[in-house]
């Protein structure tokens with residue numbers, strides 16, 4: 001693949017390292033100050049930038065008819081608009097809040113568990129997510145995805161919060177050190193507790209998943225997510 005990287009921080013550098021090892025070519029790498037001609041020759045864009053730039057990067061790439069794989073979080077509220085624009089211009093757009101294969105299997109388990117636990121109202125769910133101290137968005141995009149899947153499959157709550165609010169699903173966010181990312185869903189009653197958890201051991205899992213998504217997207221039109229790539233539409 002001929003890949004353009006939008007966002008050249010830790011994730012961008014990790015994607016570049018793995019992509020080159022796999023025989024792919026990086027035709028551009030940069031931040032939010034790119035011009036249209038910078039992407040000439042790119043078969044696909046992989047975008048891990050900032051919450052402020054993510055939406056605009058997606059819209060510009062779709063306007064240029066260049067397939068884009070985006071992993072930037074923190075602009076989740078504008079995702080429906082980006083999906084609608086993708087359909088309007090017959091573009092190619094792949095979005096995930098987390099590209100780890102393990103996390104996406106975790107998402108599938110979370111959906112199934114939420115359906116099961118809806119039968120047992122004595123168990124109250126909440127989400128805990130831990131990340132490195134430099135992560136800007138709180139809660140993480142992954143935690144928001146987990147929360148929204150619970151809300152769709154569990155009748156106890158109809159919204160999520162980061163505070164202790166009655167009748168709302170709580171997301172607890174912790175930022176410290178160099179933690180790559182840990183997410184857990186915990187169901188607690190007065191007598192016992194059960195939880196599912198995913199622990200990341202490094203950024204390479206996210207980078208490899210993003211490259212798989214890029215390979216999947218080339219030649220396709222429309223909006224796709226990890227469920228489509230991994231056949232996890234349960």
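Structural remarks
- Scanning the stretch 4-18 for residues that are touching a residue at least 60 places away in the same chain (Cβ under 8 Å) and out of contact with any helix residue (DSSP H, G or I) (no Cβ under 6 Å at 6 or more places or on another chain) gives 7, 10, 11, 17.
- Residues that are at pLDDT 95 or above and surrounded by fewer than 20 Cβ atoms within 10 Å (Cβ to Cβ), drawn from the stretch 127-140: 128
- Number of the exception - residue 135 against (1) part of a loop (DSSP other than H, G, I, E, B); (2) free of Cβ contacts under 8 Å to residues at least 40 places away in the same chain; (3) within 16 Å of the chain's Cα centre (by Cα): (2)
- Total residues in the stretch 21-53, condition out of contact with any strand residue (DSSP E or B) (no Cβ under 6 Å at 6 or more places or on another chain), closer than 18 Å to residue 210 by Cβ and either in a helix (DSSP H, G or I) or not assigned by TED's automatic domain parsing to the domain that holds residue 219 (or both): 3
- For residue 143: the one exception among (1) touching a strand residue (DSSP E or B) at 6+ places or on another chain (Cβ under 7 Å); (2) part of a helix (DSSP H, G or I); (3) exposed (fewer than 15 other Cβ atoms within 10 Å of the Cβ): (3)
- Residue in the stretch 209-222 that is assigned to a strand (DSSP E or B) and either under 21 Å from residue 5 (Cα atoms) or assigned by TED's automatic domain parsing to the domain that holds residue 89 (or both) present: yes
- Selected residue [in contact with a strand residue (DSSP E or B) (Cβ under 8 Å, 6 or more places away or on another chain) and surrounded by fewer than 18 Cβ atoms within 10 Å (Cβ to Cβ)] from 71, 102: 102
- Among the conditions (1) loosely packed, with under 15 Cβ neighbours inside 10 Å; (2) modelled with pLDDT under 95; (3) not in a loop (DSSP other than H, G, I, E, B), residue 80 misses just one, which is (2).
- Applying the set (1) out of contact with any strand residue (DSSP E or B) (no Cβ under 9 Å at 6 or more places or on another chain); (2) assigned by TED's automatic domain parsing to the domain that holds residue 224 to residue 112 leaves exactly one unmet item: (2).
The values are calculated or read from the model by the stated rules, or taken from the named source; none is laboratory data. As the structure is a computational prediction, the values presented were derived from the model and not from experiment. Every residue, glycine among them, receives a Cβ derived from its backbone with ideal geometry; neighbour counts consider all protein chains shown.
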